[in-house]
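The values are calculated or read from the model by the stated rules, or taken from the named source; none is laboratory data. Worth saying up front: this structure is predicted, and the values here are computed from it rather than measured. Methodologically, a virtual Cβ is constructed for each residue, glycine included, from the backbone with ideal geometry; neighbour enumeration extends over all protein chains shown.
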Number of protein chains: 2
Amino acid sequence: MPFTSTGPLPGGGTRCEYCCHHSRCLTMGLEGEQLADFDALLERPRPLKRGEVLVHQGDQFGNLYAVRTGSLKQVQFQVGARDQVTHFYLPGELVGLDGIGSGECVGNVVALESTYVCELPFLQLEVLMKDSHTLQHRLFRCMGEELRDHQRMMCLLSGRTADQRMASFLLGMSERFRLRGYSPSRFFLSMSRGDIGSYLGLAIETVSRALGRFQMQKLISVEGRWVSLKDMESLTRMVAEDVGRHSGT
Amino acid sequence: MPFTSTGPLPGGGTRCEYCCHHSRCLTMGLEGEQLADFDALLERPRPLKRGEVLVHQGDQFGNLYAVRTGSLKQVQFQVGARDQVTHFYLPGELVGLDGIGSGECVGNVVALESTYVCELPFLQLEVLMKDSHTLQHRLFRCMGEELRDHQRMMCLLSGRTADQRMASFLLGMSERFRLRGYSPSRFFLSMSRGDIGSYLGLAIETVSRALGRFQMQKLISVEGRWVSLKDMESLTRMVAEDVGRHSGT
DNA sequence: CGAGCCATTGAGACCGGTCAAGTTGGGTGG
DNA sequence: CCACCCAACTTGACCGGTCTCAATGGCTCG
C-alpha cells in the first residue's frame, strides 16, 4: 500500500498538525515541538464499528479518547433502574474525563456508527503537562466546560417540560454541528429515539410525540433520523419560556 | 449548629497544616515547602453572614474557594425559568470549579449560615502546579469527582421518583457529614425546603410530603431542619428500587 | 402585635409514563 | 424478486405521580 500524504489514512495514521479538529481538540494552542510531543504519545487504534464498546464501565481509568470521526454514547448501568445515556460524543470531543476522579470508568462508551478515535494515555499526558503550561490550561478548560454543560443539563432535567427538553436538545446538536462545519439546520442524528429519551429523562414515546408535534407546528421536519430545523427562533423561544414548574426558592 | 469551629480560629487565621480539612482539601498530599507555598497564596477573607453572596453569576472567574466552616448553595438564574439551586457546599469542598471552563461564574454562591472560606487565586494556583505534580494531580481529581457527582445527579433527576430523590439526598448528606466527622444519622440541614426542592427538581410541597411520608414510615424523624435517619437500610433500598420509569434503551 | 417567611396539608388538574397495537424499513433467505 | 422478520418508530387510550393553587399555623423580627 503506497503512502498517502494527507488526511486520515485508513489504518488510522494522521498527524495532529493536519487534523481538522486541531483547533478544537486538546491540542488547541500547541505548536511545534509541543505538538509533536503530543502527537507522539497518542495511539490511533483501529476504528470502532457501530455498537462496539470503547470503554467498559468499571474498567480502571487510564486513557482519554479524542473523537476523530463518528460518534459515541456513554451509558451507565445502575442497579434497580434502566440503563441511562449520560453523554453523546461528537468529533473533536474528549471521552473519559469523568474517570479521572475515581480512577474508574463511570459507564460504557459505545460507538453509534463507524468511529475513529485517538487514544491519550493520561499518565503520559500529565508528564507532558509539566512542560506545557498551555496543555495544562487547556485540559482544565475542557473539564470546566464539561462541568458547566452538566449543570445546564441538570437544570434542563429538573425544571423543564418534555417539549423544552427536546427543543433544547435539537438546538444543542445544531450548535455542535455548526461548530464542526456541518449544517446547523439539517443533520443526521446517529442515536436512536430510545437513546435520546434516556438522555433527556423522557419515555421513548414522549420523544416521538414531541418530534411529531414540532413537525406539525412547522418548527422542524423529520425523516427518520434526519432532522431539519425550520424555525430555530421559535425553538429558542420555547426553551426560554416560563412554564412555571416548581414553586421552589 | 454544626460546623462551629474547633480547628480554624474565628478571626480567620489558621494554617493549612493545622486545618482539620487538610486531608480532604486541595492540599491533600502536600507537605513541607509545597504546603507552605500553598498556604502563602491563599486569602482568608472575613466570614460571610447567612445570605451573603460569595460569588456573583456572570462575574469573571478568578478564584476558587475552599469552605472552612459553614455551608453555601449555588443558584443559577435563568431567563424564563425559576432560579435553580445546583450545588450545596460543605466544609472541605471546593467552590468555583465550573467557572474554569468559560472564565465566567455560572451562578451565585450564597452562604446558608455563617461561613468561613479560603480564597485561592486560580492563576497563582496554576503557577504552583507547574512545580507540584501532586497539586496538579489533586486538582484534576477534584474536578473528575465533581464530574462524576454531576452524572449521578443527572441520573437521579431524569429517572427517579420524588421519594427516591429525597432518600438519595438524605443519604448523600449523611455520607458527607460522616466523612467530616459528624453524625451520619442525625444532622442539621442548613438549606430551606425550597432549596432542596429546587436542587432535586421537585416542588416544595412534594419535598414536604416526602419527608412526612418517610416519618410516617419510621424511616426518619424530622424536627424542622433537624433530621434523624432511623432506617438507612430501607432508604438505601428505596433508592435502588426499580419503579420502571422510561421505556428507553 | 402585625408582617413576612417557612413549612405543612388538602383538593384538583395535567403532564408524561405505561401498556398495547399498528406502521415502517432494512436485512435475510428462499 | 418477494416473503418474512425484527427492530425502530409512531400513535392512541388510560392512569398515576407530581405540580399548582389555596388555606393554615408556627416562627422570627421589627
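Among what's in region A:198-229 and is among the small types (Gly, Ala, Ser) and without any contact (Cβ under 8 Å) to a residue 12 or more places away in the chain, pick the residue that is farthest from DNA strand D (Cβ to nearest atom).
Quick first cut of region A:198-229, residues among the small types (Gly, Ala, Ser) only: A:198, A:201, A:203, A:208, A:210, A:212, A:221, A:224, A:228.
Restricting the remaining residues to those that are without any contact (Cβ under 8 Å) to a residue 12 or more places away in the chain gives A:203, A:212, A:221, A:224.
Details: A:Ala203: 9, A:Gly212: 4, A:Ser221: 11, A:Gly224: 7 Å.
Among those residues, the one meeting the criterion is A:Ser221.
Within region A:165-182, the only residue that satisfies the criterion of being polar (S, T, N, Q) and closer than 14 Å to B:Ser158 by Cβ is A:Ser168. Given the structure, is B:Arg176 at negative phi and more than 11 Å from DNA strand C (Cβ to nearest atom)? Yes, satisfied.
If you go through region A:148-173 and keep only what is more than 11 Å from DNA strand C (Cβ to nearest atom) and either basic (Lys, Arg) or closer than 19 Å to B:Lys73 by Cα (or both), you end up with A:Arg148, A:Asp149, A:His150, A:Gln151, A:Arg152, A:Met153, A:Met154, A:Cys155, A:Leu156, A:Ser158.
Taking the numbered list (1) at pLDDT 95 or above; (2) facing chain B (nearest Cβ under 9 Å); (3) within 30 Å of A:Ser102 (Cα to Cα) in turn, A:Glu205 passes all entries but (3). The number of residues in region A:196-206 being buried (at least 21 other Cβ atoms within 10 Å of the Cβ), of a type in the set (A, V, I, L, M) and farther than 13 Å from A:Gln164 by Cβ comes to 1. Does B:Phe77 meet the test of being on the phi < 0 side of the Ramachandran plot, aromatic (Phe, Trp, Tyr) and in contact (Cβ under 8 Å) with a residue 40 or more places away in the chain? No. Among the residues of region B:180-195, those that are touching a strand residue (DSSP E or B) at 6+ places or on another chain (Cβ under 8 Å) and either within 12 Å of DNA strand C (Cβ to nearest atom) or aromatic (Phe, Trp, Tyr) (or both) comprise B:Phe187, B:Phe188, B:Leu189, B:Met191, B:Asp195. Within region B:183-202, the residues that satisfy the criterion of being among the hydroxyl-bearing types (Ser, Thr, Tyr) and either within 20 Å of A:Cys155 (Cα to Cα) or within 14 Å of chain A (Cβ to nearest Cβ) (or both) are B:Ser192, B:Ser198, B:Tyr199.
Residues that are more than 12 Å from chain B (Cβ to nearest Cβ), within 14 Å of A:Ser190 (Cα to Cα) and within 12 Å of the chain's Cα centre (by Cα) occur at least once in region A:102-112. Of the residues examined, A:Asp163 is one that is touching a Lys or Arg at 6+ places or on another chain (Cβ under 8 Å), in contact (Cβ under 8 Å) with a residue 60 or more places away in the chain and either more than 9 Å from every other protein chain (Cβ to nearest Cβ) or among the acidic types (Asp, Glu) (or both). For the condition within 16 Å of DNA strand C (Cβ to nearest atom) and either in contact with a strand residue (DSSP E or B) (Cβ under 7 Å, 6 or more places away or on another chain) or β-branched (Val, Ile, Thr) (or both), A:Phe214 qualifies. Filtering region A:138-151 to residues that are more than 7 Å from chain B (Cβ to nearest Cβ) and out of contact with any strand residue (DSSP E or B) (no Cβ under 9 Å at 6 or more places or on another chain) leaves A:Arg138, A:Asp149. In region B:114-133 there is at least one residue that is crowded, with 21+ Cβ neighbours inside 10 Å, within 8 Å of chain A (Cβ to nearest Cβ) and without any contact (Cβ under 8 Å) to a residue 24 or more places away in the chain.
Only a single criterion out of (1) more than 30 Å from B:Arg138 (Cβ to Cβ); (2) part of a strand (DSSP E or B) is not satisfied by A:Pro91, namely (2). Kindly check whether there is at least one residue in region A:118-137 that is among the β-branched types (Val, Ile, Thr), away from DNA strand D (no atom under 16 Å from the Cβ) and either under 23 Å from A:Glu31 (Cβ atoms) or not in a loop (DSSP other than H, G, I, E, B) (or both). Yes: one or more hits.
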